[in-house]
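Okay, so here's the structure we're looking at.
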Amino acid sequence: MKLVVRVKLLPTPEQAAALAATLRTCNEAANWLSVRAFEGGRTSRAALQATSYVELKARGLSAQPALHVLRKVADAYTALRAKPVGPEQPHPKRLLRAGARRPVAFRPGAAQPFDDRCLSWQWDERTVSIWTTSGRTKGLAFTGQTEQLKLLAAYRKGESDLLHEGGRWYLLATCEVPQAVPNTAPDGFVGVDLGIVNIAATSTGMRFSGRRLNRRREADRRLRAKLRSKGTKSSRRRAKRHAGREARRARDINHKISKCIVAEARRTGRGIALEDLTGMRERVRLRKPQRVTLHSWSFRQLGTFIAYKAGRAGVPVVYVDPAHTSRECSRCHHVDRHNRPSQAVFSCQACGFVEHADLNSSHNIAARGWWSWVRGAESRVPALTLTD
């Protein structure tokens, strides 16, 4: 399984200036190459290397960074072609024709990949040595969480990306982490119901309340609106300082929730059943205040965190259809919209069963997960890299 560990660099002012100059030079070269590739209609790695490698080296890049710039540009056009075609979007085969699209552009601070020839790690000193346009920069300190650094030292493999974000410097390193032996005979499934009042509720009785969090998020939204409307220099400075605070908080909470759910499933020898929320924003119709709260929370991120942590722990994961899980009785399976007299209460109109609404939904999800497993559904773990 591939994971991406992010470590924070602690450069001196001289080192930071060298890193900034390096990113700027690499991305200027990438923009020059992108225009040339667009105008010539040749965007493959082989074609770009044959026509532009020497000129890239003349722009201040050594051999390996020049190759990485070539690959970055070629990969950007490959990703552009892979985008889905919409009703107003040109067909991918016409993307490179003159006038159809602008060349792919790279920000001056866009991430730049480095391999082991350009970047070396000194674990005992917690420093890195990295190529820059002003020469090799040695003794560049880095820091991170102890668990992440152990993961990095044991399983790092491949390239690392240099990133400048929010005035801070980071290295994103790819790790090939071995998966645990998968549990092929789970003793049932832990159903996970996602919602607004309770971010997650499990069939084992765990509930992660979102009431206090939603109040904080609403306060953040009011603060952002106030700062935008004020429009002064100090308000923009304050808005920049607080930018990303809500996203970081949501990410931290999603990590904690997913860790608890996976630990519970592993302890009890069960799998995890999640709702397939694909297209949820298009299907769900709510009042405007609820709509803002629902659509601004990273439910997909939470599901992805659960899935990849489960993969590392050997816990199987299945996805089930979420239709009517909140209206179905987990005892007699009678479905009726009147089974939900309030947000928190489930009361079956057929058999009289009464339960907390989210707990009842999680039992339905767990049952559907078991039937999906019995029918031969495979465990699904997202094949994408994540920042742990």
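Among the residues of segment 224-259, which ones are modelled with pLDDT of 85 or more, of a type in the set (A, V, I, L, M, F, W, C), surrounded by 15 or more Cβ atoms within 10 Å (Cβ to Cβ) and under 24 Å from G210 (Cβ atoms)? Hits for segment 224-259 are I253, I257. I need the full set of residues from segment 151-210 which are under 20 Å from A250 (Cβ atoms), touching a strand residue (DSSP E or B) at 6+ places or on another chain (Cβ under 6 Å) and of a type in the set (D, E, K, R), in order please. Passing the criteria: D193, R207.
Got at least one residue in segment 362-373 being modelled with pLDDT under 90, surrounded by 12 or more Cβ atoms within 10 Å (Cβ to Cβ) and not aromatic (F, W, Y)? Scanning segment 362-373, I find at least one residue that is modelled with pLDDT under 90, surrounded by 12 or more Cβ atoms within 10 Å (Cβ to Cβ) and not aromatic (F, W, Y), so the answer is yes. Taken over segment 242-277, residues that are in contact with a strand residue (DSSP E or B) (Cβ under 9 Å, 6 or more places away or on another chain) and over 27 Å from R228 (Cβ atoms) amount to 17. Looking only at segment 272-291, residues that are in a helix (DSSP H, G or I) and modelled with pLDDT of 75 or more come to 0 in all. From the list G167, G210, G191, the lone residue that is on the phi > 0 side of the Ramachandran plot and among the small types (G, A, S) is G167.
Answer yes if at least one residue in segment 159-176 is of a type in the set (K, R), in the same structural domain as L67 (by TED's automatic domain parsing) and either assigned to a loop (DSSP other than H, G, I, E, B) or closer than 30 Å to E264 by Cα (or both), and no otherwise.
Scanning segment 159-176, I find no residue that is of a type in the set (K, R), in the same structural domain as L67 (by TED's automatic domain parsing) and either assigned to a loop (DSSP other than H, G, I, E, B) or closer than 30 Å to E264 by Cα (or both), so the answer is no.
Using the structure shown, decide if T268 is more than 22 Å from Q343 (Cβ to Cβ) and either modelled with pLDDT of 90 or more or outside the structural domain of I365 (by TED's automatic domain parsing) (or both). Considered against the rule, which asks whether it is more than 22 Å from Q343 (Cβ to Cβ) and either modelled with pLDDT of 90 or more or outside the structural domain of I365 (by TED's automatic domain parsing) (or both), T268 comes out as yes.
Within segment 63-104, the residues that satisfy the criterion of being small (G, A, S), modelled with pLDDT of 90 or more and either over 14 Å from G40 (Cα atoms) or assigned to a loop (DSSP other than H, G, I, E, B) (or both) are A63, A66. T143 versus (1) out of contact with any Ser or Thr (no Cβ under 9 Å at 6 or more places or on another chain); (2) modelled with pLDDT under 90; (3) outside the structural domain of G311 (by TED's automatic domain parsing); (4) surrounded by fewer than 13 Cβ atoms within 10 Å (Cβ to Cβ): which is the lone unmet condition? Status for T143: all satisfied but (2).
Residues in segment 292-330 that are modelled with pLDDT under 90, in a loop (DSSP other than H, G, I, E, B) and hydrophobic (A, V, I, L, M, F, W, C): W297, A323. Checked against (1) modelled with pLDDT of 90 or more; (2) under 27 Å from the mean Cα position of the chain (by Cα), A46 meets all criteria but (2). When you check R36 against the structure, is it more than 17 Å from C118 (Cβ to Cβ) and either more than 31 Å from the chain's Cα centre (by Cα) or surrounded by fewer than 17 Cβ atoms within 10 Å (Cβ to Cβ) (or both), yes or no? It is true that R36 is more than 17 Å from C118 (Cβ to Cβ) and either more than 31 Å from the chain's Cα centre (by Cα) or surrounded by fewer than 17 Cβ atoms within 10 Å (Cβ to Cβ) (or both). Is it the case that D193 is free of Cβ contacts under 8 Å to residues at least 40 places away in the same chain and not in a loop (DSSP other than H, G, I, E, B)? So D193 fails the test.
Restricting segment 157-176 to residues that are at pLDDT below 90 and over 25 Å from A243 (Cα atoms), which is surrounded by the most Cβ atoms within 10 Å (Cβ to Cβ)? Result: C175.
The values are calculated or read from the model by the stated rules, or taken from the named source; none is laboratory data. Keep in mind the model is a prediction, meaning the values are calculated, not measured. All Cβ positions, glycine included, derive from the backbone under ideal geometry; neighbour counts span all protein chains shown.
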